[in-house]
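Following: one structure in structure tokens, then a few remarks.
Read the figures in this text as sums done on the coordinates, not as results from a lab. Just so it is clear, the structure is predicted and the values come from calculations on it, not from any experiment. Here the Cβ positions follow ideal geometry from the backbone for every residue, glycine too, while neighbour counts run over all protein chains shown.
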Amino acid sequence: MNSLSPETPGSFSSPPLQYPPQTDTFDELVDQDGSVRTHWQDFLKGFSTLNANERRLAQETADRMLKGDGVTYLAGQDGQQSDRPWQLDLFPLVIGQEEWQQLEAGLIQRARLLNHILSDLYGPQQLLKNGTLPPAVVFGNPQFLQPCHNVPVQGGTYLHFLAFDVARAPDGQWWVLRDRTEAPSGAGFALENRIIASRALPDLFDAARVQRLSSFFQTFSQNFLEFSQRDDPLAVVLSPGPQNMAYFEHAYLSRYLGYPVVEGSDMTVRDDRLYLKTVDGLKPVDLVLRRIYSDLCDPLELSTESTLGIPGLLQSIRAGHVTIGNALGSGLVDSEVLLSFLPTLCQFFFSEGLKIPSVATWWCGQDSERAYVFENMQKLMIRRVLTPKRDLSHSRRSSFGPDLTQQDQQELIRAITRRGHEYVGREIVSPSTAPFWGASDRLKPVPMTLRLYLTATKDGYTVMPGGLARVSVQSDPRAHWHEPGDFSKDTWVKGDGIFDHQPVLGSPHQTLLLRRGGRDLPSRTADNLFWLGRYIERAEGAIRLLRSLFLRTSGEAGSSDEPETLSRLVSLLVMQKHLTPRRAKRAVEGGADMVEAELRTILFDPDSPDGLAIILQNVRRTAELVRHRLSQDTWNILIDLTSIPKEWTRTKGQSIDDAIRLLSRMIQHLAAVNGMVMENMTRSYAWRFLEMGRRLERVRHLSKLIRHLASRGTPEATGALNLLLEVADSSITYRTRYRAEAQLAAVLDLLLADETNPRSVIFQLQTFDAHMGDLPHEETAASLNPAQKIITRVCTDIRLTDMIQIAELTKTTKVRANLVRLLKQLDLGVQQLSDIVAHTYFSHSLSQRISGPQWLEGIP
Amino acid sequence: MIYQVTHRTTFTYTEPVAISHHVLRLALRTHPRQHSLRSSLSIDPIPSVRSDGKDYFGNPLTHLTIQTPHPALIVEAQTVVDVQKPESIHLDQSLSWDQVPQRLQGSTDPEILDAQQFLFDSPYITVDDGTYDFVCECFPPGRPLLAGVMDLTSRIFQDFTYEGGVTDVSTPVQEVLHSRKGVCQDFAHLEIAALRSLGLPARYISGYLLTHPPEGQKKLVGADASHAWLSTWCPDIGWVDFDPTNNCIPHDEHISLAWGRDYGDVSPINGFMVGGGQHTPTVSVDVSPVSLPSIV
């Protein structure tokens, strides 16, 4: 057991530096003699000066940032997906400058090599014609996409952005475990790790002279954009959508690079050109940073089952109008069957050896290799790598020789004998160990692998100075894929201290490379913003109502209410779908206490299909989808807001006062969000859609409230009018204006027709109209467009209404029929306006497949 | 033999289609025994974008985009084609099947390299122990390749029931093997899978077949149909076609349209559209022998 400093090792109060590395592996931190490796010394010195409090603070900072940024990835296990928090171990991996340079040179060589192989196999296929590669490696690989053969690739660059998984052997030599050439994920997480680590350990970070990551992404983007011939190119991040495990990263890269994140159905191909559907019509897309598998990109020519792609994309690439990074079909070279051929291929193309070896791999498509695998099966990992089924999980593709029973072995041998070309045998890696710090505040050595990223530039490939280190704390360290329970680490590559004076990336939410303003708002984003506006407003309506109800059932106010009011309150809950009619009936029969009890159980009830919890979830979900359009502060407030229900479950006793306190806090949060939206958002299309959603929802809510509280009976007498004013946030206005008890006609006038009241229906409609007028629309000869016609009609109806007359009760029916009629007009108008907005601006309908006859009529 | 082939497909939509993209493989490919004398492809409505070329396997293909709203699409391919009889093959004189994999390995002969494209699993054809076990009976060690393939072809013809409507283009061969029912494309897929299980190259061929009306009846125009069969590669002889649906080696009444690894590579019409609602395709195919002077 080694102690890394003279201080006595110990618990939380002293530096956690006792560190016992395993003897049979390479340890990143200490050498065989137990001394700290030179490139770690600065960092370790700094780390050992942190006291327990500072260490705890650093960890808390990291936790808070991870939570605040909502860093998650979806880990899929056998088809089941769950949203997992990203796990970061703050103790970084430090790599010395000299060693890094060697690693860099090796990886650059390898990236060039893979690009050369792709351009041969998707072009002249010399490697096959001269026998350098056996045909099975290409033709037997489902990642070889025949339709991509001879598709022109700008500048011969197939690989714009790629990654290598590397690990260090016991002798200290780096090995490549896997090449990642399709759409490697994790770079966004590496960036996020850096931002968090540099903030949680700011002094240590500064002192360590770590090379910065930001310029790498700038380099990527600058070079990528140059692949377009247009002056002001439009680049997008093509994602499978929010259900994908890596969506967080897609959105993150999108924010960071300033490329909108889009799905296949957000784009269309016309005249062999790729277009993005925006609220301002179709905008040509020049560059696509692809985050979906190649074969899913164009259902017309590749996998016809795909719903993620864009029909006709390949034709637009052939026409030279768009560049895809990485080029379609790039996954061909990340196959493990290629690993054993790389040294030969490197000689073939560059007349030099491979600078960084691959982990020893034997391809069973060749007799001698297969024989070797059979002989040494017990100490190898056997992987079935060439199967068309992508859904085969990593663990199901792999067998570890040492774990195989006699029978397993026999079966495997039989399978490999028949279909050898699908299998490889690989040496089982025992990677180096690196210190894991973790929550226990102790360092322990755990196995580590590293993913490093490269991007193409005009002058060749360049490596991101850092990477995503993965440590296996519980999972099987022999696996080289990401497993649940793994932690990541920031990788600190030592520099010479001369940096371009980039700040440490500042906020991840800065859009460093943004090239354009709000004019290219994708239709889908507009749709999400519109709904975010609606959900925020819906939440506010529900919360105000609940608060008013709680206020009325508690204390003095509660006891003074008439029973009629109580049942009306309950009917409001039913209207909001917080309560089923059956439970409502029972509650009313049970009196005020029963109502109160019901209120407390339904508040934030996550199981209620329409209650507050669901509305808040919708706020959160839609906010996540448009996060790149919101400021960090707005985002933080929304996250806080949506986590308040959790506080309720933690609240002891759950008294009415607690409920009122939480609801009031939520209203304050909403006010803050609204303030942010009004004061901080640029008046772009994005802002207008958010606003339009809010305005329409407010009209809908007001109409519902008025109908429930004022369309029958004598609302003045039951307190319903006061409730109405309160929920509509117009009590003060009413009181200052009338200085009298609420009267229906005056209240209706204030809530429906008063153009100066920012809570009135007419005010919402006029604001909506103004926003709509500022959106792009087709010039029409007609004086009013359909939306304007609806608004004009509804507003005129309201203006022409005699409020005193509709407030009167018809003796025969006990219902204010004219009022109900007006409200129905209003509801209809809202529905129509919502449809018009959707129809005009949110068309991202999916293409459907046209199939010929499903079976052929042969002649028997 | 010279034929006029007319292949007409009509899609009728319940709602207008705003935009549609199509890939068509409806122009007959040429090969040593087959020459296209005249061909035309007419599309209604006239596409906004159309380009003609060849796919990876050398089949003629046409890309088109229709960008004006259309309630229907009619595609009609007309070809006059000259098909010659194959040279007679002595099945028993072909190389023994178990020597074929060796002949494939390590060779840089372009023909052999080409054959290896049809050796592996493809999107619609996956081999497994079932297909392997199925084929073994026909291929005892040392049997001449083509004799084995003919035997396999006959076995599928005898043991499987031709029945429409129980399968579709994506039905896996494993299911066909189990149910013993299917149509021409299923039998072709199955036989290809069986041959590939043994490491023998096999490709899928789509095309047409001249049909003969029952004795004394007049041939109905448009009553013919698309057909599918397969071809296997034999060293020193080349590609030889087999038709398991009709238990024969195609002569001059089979007209090849396109070939590939499986149906997916040769599907005559693929398309995607926005809008359109429901759609129903109707297909009519007519194959008529013609006498040369009348068309030249």
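Please quote Rg/Rh for region B:91-265 to two decimal places, taking the Kirkwood radius as Rh and restricting both calculations to Cα atoms.
Taking Rh as the inverse mean 1/r over Cα pairs, Rg/Rh reads 0.97.
So what's the convex hull volume per residue for the Cα atoms of region A:308-428, in Å³?
Dividing the Cα hull volume of region A:308-428 by its residue count gives 154 Å³.
Considering only region A:161-313, what is the antiparallel percent among its DSSP beta bridges, to the nearest 5?
70 percent
For the pairs A:LYS379/A:LYS489; A:LYS355/A:LYS458; A:LYS277/A:LYS824; A:LYS577/A:LYS646, flag any whose C-alpha to C-alpha distance is greater than 27 Å.
Long pairs (Cα-Cα over 27 Å): A:LYS379/A:LYS489; A:LYS277/A:LYS824.
At 37 °C and 0.692 mPa s, grab the translational diffusion coefficient of the protein assembly as shown from Stokes-Einstein with a Kirkwood Rh over Cα pairs, rounded to a whole number in µm² per second.
Estimated diffusion coefficient is 96 µm²/s.
Between A:SER119 and A:ARG737, what is 0.36 nm times their sequence separation minus the Cα-Cα distance? Round to one decimal in nm.
Answer, rounded to one decimal: 214.7 nm.
So which GluC sites (Glu not before Pro) in region B:188-296 end up in coil per DSSP with only 13 or fewer other C-beta atoms within 10 Å?
B:GLU215
Longest segment of chain A with no chymotrypsin sites (Phe, Trp or Tyr not before Pro) in a DSSP loop having at most 14 other Cβ atoms within 10 Å?
Counting only loop sites that pass the neighbour cut-off, the longest clear stretch is A:13-498.
Would you kindly compute the Cα radius of gyration of region A:135-282 and its largest Cα-Cα separation (Dmax), both in Å?
Taking only Cα atoms of region A:135-282, I get Rg and Dmax of 19.1, 60 Å.
State the Cα centre-to-centre distance between region A:791-808 and region B:15-66 in whole Å.
62 Å
How high is the FRET efficiency between A:LYS585 and A:LYS444 when r is their beta carbon distance and R₀ equals 60 Å, given to the nearest 0.05?
0.45
Across region A:523-681, how large is the tail of the calculated P(r) beyond 18 Å, expressed as a percent of all Cα pairs?
More than 18 Å apart: 59 percent of the Cα pairs in region A:523-681.
Give me the aspartates and glutamates in straight-line cross-link reach of A:LYS585: C-alpha distance below 17 Å, same-chain residues under 8 apart excluded.
Correct list for A:LYS585: A:GLU562, A:GLU564, A:ASP593, A:GLU596, A:GLU598.
With each label point set 7 Å from Cα along the Cα-Cβ vector, what nm distance links A:LYS646 and A:ASN680?
Modelled inter-label distance: 2.1 nm.
Check cross-link reach from A:LYS129 to the aspartates and glutamates: straight Cα distance under 17 Å, and skip same-chain residues fewer than eight apart.
Filter leaves A:ASP120, B:ASP109, B:GLU111, B:ASP114.
Label B:ARG103 and A:ASP797 with points 7 Å out from Cα along Cα→Cβ: what is the distance between them in nm?
According to this spin-label approximation, the distance is 8.3 nm.
How many angstrom lie between the Cα centre of region A:708-734 and the Cα centre of region B:243-260?
What the calculation gives is 82 Å, centre to centre.
Could you run the Karplus curve 6.51 cos²θ - 1.76 cosθ + 1.60 with θ = phi - 60° over region A:486-491 and give me ³J(HN,Hα) per residue in whole Hz, x for Gly and Pro?
Going residue by residue, I get 6, 10, 10, 9, 7, 10 Hz, with x marking Gly and Pro.
As a test of the definition: which semi-axes, in Å, follow for chain B when you take the square root of five times each eigenvalue of its alpha carbon gyration tensor? Largest first, please.
Semi-axes from the Cα gyration tensor: 33, 22, 20 Å.
Got the relative contact order for chain B handy, in percent, Cα pairs under 8 Å and 6 or more residues apart?
Relative CO of chain B lands at 29 percent.
What is the distance, in nm, between label points placed 7 Å from the Cα along the Cα-to-Cβ direction at B:SER179 and at A:ALA770?
That separation, rounded to one decimal, is 6.5 nm.
With an 8 Å Cα cut-off and a minimum separation of 6 or more residues, compute the relative contact order for chain A in percent.
This gives 14 percent for chain A.
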